[in-house]
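What follows draws every value from the coordinates through simple rules; no lab data is involved. Just so you know, these numbers come straight off a predicted model, no measurement behind them. Note: ideal-geometry Cβ built from the backbone for every residue, glycine included; neighbour counts use all protein chains shown.
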Amino acid sequence: MTEEIPFLSLREVTSKYSSELHEAVARVVDSGWYLQGSEVHAFETEYAAYIGSPCCVSCANGLDALILIFRAYIETGVMKPGDEVIVPANTYIASILSITENGLVPVLVEPRFETLELDDSLLEQHLSERTRAVLLVHLYGRCAYTERIGSFCERNGLKLIEDNAQAHGCRYGKVRTGSIGDAAGHSFYPGKNLGAFGDGGAITCRDPELAAVVRSLANYGSSRKYVFDFCGRNSRLDEIQAAVLRVKLRHLDDDNAYRRSVADCYRENLRNPKVQQPEELPAEENVFHLYPVFCNERDRLQCWLSENGVGTVIHYPIPPHRQKCYRRWNSLSLPVTERIHREELSLPMGPVITKEQVLRVAELVNAFK
């Protein structure tokens with residue numbers, strides 16, 4: 001059946017700001033300058049101010065953002081291959097790839113099922129003499145930070161790095177995610193709350209020296225033209241993507257507020273005892289990149305919704321430790337993570353879904369038997 005209620009319509013998202021976006025793209029096309037120009041510089045300045053971070057360096061995508069952070073810490077002597085990074089086991093594989101790409105060792109820690117975020121009560125038992133950082137993942141648009149995590153990092157001299165790919169605009173109290181830790185990676189994949197017209201990413205951090213190393217690494221390792229301090233890579237945001245992101249950044253808080261109203265509508269109207277919703281966290285301002293629900297008959301629920309014209313997505317069907325690329329971990333037992341990946345289903349969510357559509361989705365979920 002054709003989807004009457006899509007999971008997310010990027011065409012409709014784009015059409016909300018169509019005239020502004022056309023004007024921004026045309027400005028770049030007419031300028032004749034397509035890389036490392038004024039749009040990128042302006043976006044970095046505006047995004048740093050929005051996040052509340054002293055430094056912002058744009059790059060090609062969210063995975064590169066995280067890879068570059070770890071690589072910069074290695075180049076500056078803070079870390080070395082073989083060091084360990086604590087990371088939640090229930091995450092998109094990019095979080096893990098950024099660690100292993102640098103020869104570092106991921107230490108997978110279970111989440112709490114009720115919150116879906118890293119279980120901070122398990123941190124001490126995973127600490128070793130080789131631990132150098134915690135990679136905190138703000139999954140689904142909710143804040144994963146806790147005071148206990150911050151204290152753990154400070155007490156043990158660890159870097160706190162944020163994977164903020166799904167949480168643009170989220171807050172912990174008055175502080176935005178992406179500015180809580182020492183450094184953060186951001187993704188601007190088109191479906192994100194702040195999405196480009198292609199791939200894009202950024203690094204925010206507190207330390208100007210770290211930012212300078214990241215910028216050099218992302219530009220072939222060059223500090224100035226044809227002078228190479230590091231064996232770098234080509235990872236740059238282009239001018240068109242920067243111009244698009246500048247437009248969307250102006251509307252991000254309004255779009256996130258709308259997402260929260262959609263979530264409120266789901267929360268008030270979903271009443272099926274077979275379907276569980278995550279706990280609300282009092283200190284966070286969730287931006288609801290996704291609206292995940294959990295059902296031990298997840299696949300049947302997804303089929304039921306599809307048959308009735310509702311698009312859904314599973315985030316994610318196979319946890320990282322069960323992937324073929326990490327076959328050395330395939331025998332690990334991580335029951336909470338495995339349950340999340342087995343039961344999770346993301347309902348339609350975004351800045352363009354209507355209240356009538358949300359109520360229809362809720363009606364169909366409630367009718368599932």
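Of the GluC sites (Glu not before Pro) in the range 1-41, the ones in a loop by DSSP (not H, G, I, E or B) with at most 12 other beta carbons within 10 Å are Glu4. Take every pair of alpha-carbon atoms less than 8 Å apart whose residues are at least six positions apart; their mean separation over the length of the range 269-355 yields a relative contact order of 38 percent. Given a Förster distance of 56 Å, report the FRET efficiency between Ser151 and Val29 from their Cβ-Cβ distance, rounded to the nearest 0.05. Here the calculated transfer efficiency is 0.65. Across q = 0.23 Å⁻¹, the range 127-188 modelled as identical point scatterers on its alpha-carbon atoms has Debye log10 I(q)/I(0) values of -0.89, in the order of the q list. Note on the chain: along the principal axes its Cα atoms extend 64, 55, 38 Å, ordered by decreasing extent. For the range 163-306, taking the reciprocal of the average inverse distance between every pair of different Cα atoms yields a Kirkwood hydrodynamic radius of 17.9 Å. One chain, two ends: Asp299 and Ser222. Fully extended at 0.36 nm per residue, the span grows by 22.8 nm beyond their Cα-Cα distance.
Over the range 36-184, the pair-distance histogram of Cα-Cα distances with 5 Å bins from zero comes to 2, 10, 20, 23, 21, 14, 7, 2, 1, 0 percent, rounded to whole numbers. Taking Lys and Arg as +1 and Asp and Glu as -1, the other residues whose beta-carbon sits under 12 Å from that of Lys80 total 0.
Taken as Cα centroids, the range 304-355 and the range 65-93 sit 25 Å apart, rounded to the nearest whole angstrom.
Taking every Cα-Cα distance in the range 226-369 and sorting them into 10 Å bins from zero, the calculated P(r) comes out as 10, 29, 27, 23, 9, 3, 0 percent. Extension gain, Tyr316 to Gln125: 0.36 nm times the residue separation minus the Cα-Cα distance gives 66.1 nm. In a DSSP loop and with at most 16 other Cβ atoms within 10 Å, the chymotrypsin sites (Phe, Trp or Tyr not before Pro) in the range 177-228 are Tyr220, Tyr226. Pairwise Cα separations in the range 313-363 fall into 10 Å bins from 0 onward with the following percentages, short to long: 23, 34, 21, 17, 5.
Are there trypsin sites (Lys or Arg not before Pro) in the range 252-343 that DSSP marks as loop and that have at most 16 other Cβ atoms within 10 Å, and which are they? For trypsin sites (Lys or Arg not before Pro) across the range 252-343 that sit outside H, G, I, E and B with at most 16 neighbouring Cβ atoms in 10 Å, the list reads Arg271, Lys274. Ranked by how many other Cβ atoms sit within 10 Å of their own Cβ, fewest first, the residues Leu127, Leu66, Leu194 fall in the order Leu127, Leu194, Leu66. If each Cα of the range 48-98 is one equal point scatterer, what is log10 of I(q)/I(0) from the Debye formula at q = 0.19, 0.32 Å⁻¹? Those come out to -0.81, -1.16, one per q. Simple spin-label estimate for Gln36 and Ser333 gives 5.4 nm between the two label positions (7 Å along the Cα-to-Cβ direction from each Cα).
Stokes-Einstein diffusion of the range 200-284 at 20 °C, 1.002 mPa s viscosity, Kirkwood radius from Cα pairs, rounded to a whole number: 126 µm²/s.
Extension gain for Lys355-Val247 works out to 36.4 nm (0.36 nm per residue, less the C-alpha to C-alpha distance). Each Cα pair of the range 24-116 feeds into the Kirkwood radius, which the Stokes-Einstein equation turns, at 25 °C and 0.890 mPa s, into a diffusion coefficient of 155 µm²/s. The sum of -39500 (n - 2.57) across all DSSP H runs of n ≥ 4, divided by the residue count of the chain, sets its helix-only mean residue ellipticity at 222 nm to -12000 deg cm²/dmol. Look at the alpha carbon pairs under 8 Å that are at least 6 residues apart: their mean separation over the length of the chain gives a relative contact order of 23 percent. Taken along the Cα-to-beta-carbon direction at a fixed 7 Å, the label points for Cys325 and Asp254 span 3.8 nm.
Considering only Cα atoms, the convex hull volume of the range 1-69 works out to 161 Å³ per residue.
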